[in-house]
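One structure below.
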Amino acid sequence: MKKSMLAAALALAALGYTLAANADDRLVRFDGGIGVIPVSNATGTQNANGTFPDVTRNDVRGVLPGGQPWVIASLRADVRTDGSIRVDGRGLLLAGGNNIGFNAGASVFATLFCGNAEHSTTAAGVPLEANGDFRIDDVLTPGVPTICNSPVLLIRTSNGGRWFAAGIPRQ
């Protein structure tokens, strides 16, 4: 009886150690998401057709934005020091154009920027569900650094690599 209690206690201690070790290997976490607005600035006198002569795209770290606005209801992501990443996104849908409220049949992948260094999941990505939900469970390549300065997480389309949403970094 005492041996089985000791074995159970050791097993629980080992489990606790494993859970604590796993909790400490997080590189960066994102909680919340921002949908893309493709244009960050328009200036000049409006043309007769409603366009503007000078438009600034909403590029992030050199990545072009999606062609239409997109919204995301929620986003959570954890990146581990071994490069593994898990992203849980909800409600990534078009917020403009004739297909507003739909997912445009898109598939998405994730890119983590640490400074200007780019680390991405498989570019084939995962398909958005009809309601815009998705889950990415992958490994970033190339490998991630031990410290991620100025982290930016972009959710990008597998068709062309434009960004649709960004994660909000958390400590």
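The values are calculated or read from the model by the stated rules, or taken from the named source; none is laboratory data. Computed from a prediction, not measured in an experiment: that's the story for all the values here. FYI the Cβ positions are ideal-geometry reconstructions off the backbone, even for glycines, and counts take in every protein chain you see.
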Number of the condition not met by R135 [criteria: (1) surrounded by 13 or more Cβ atoms within 10 Å (Cβ to Cβ); (2) assigned to a strand (DSSP E or B); (3) of a type outside the set (D, E)]: (1)
Any pair with Cβ under 6 angstrom, 6 or more apart, that starts in region 106-117 at a residue that is part of a strand (DSSP E or B) and ends at one that is among the charged types (D, E, K, R) and crowded, with 20+ Cβ neighbours inside 10 Å: F109/R156; T111/R156
Check on S84, surrounded by fewer than 17 Cβ atoms within 10 Å (Cβ to Cβ), under 11 Å from the mean Cα position of the chain (by Cα) and modelled with pLDDT of 95 or more: no
Answer residue from region 87-105, given it is small (G, A, S) and surrounded by fewer than 22 Cβ atoms within 10 Å (Cβ to Cβ) and is farthest from W70 (Cα to Cα) among those: G105
Qualifying strands (runs of 3 or more DSSP E) (wholly inside region 18-100; at least 2 residues being hydroxyl-bearing (S, T, Y)): 39-43
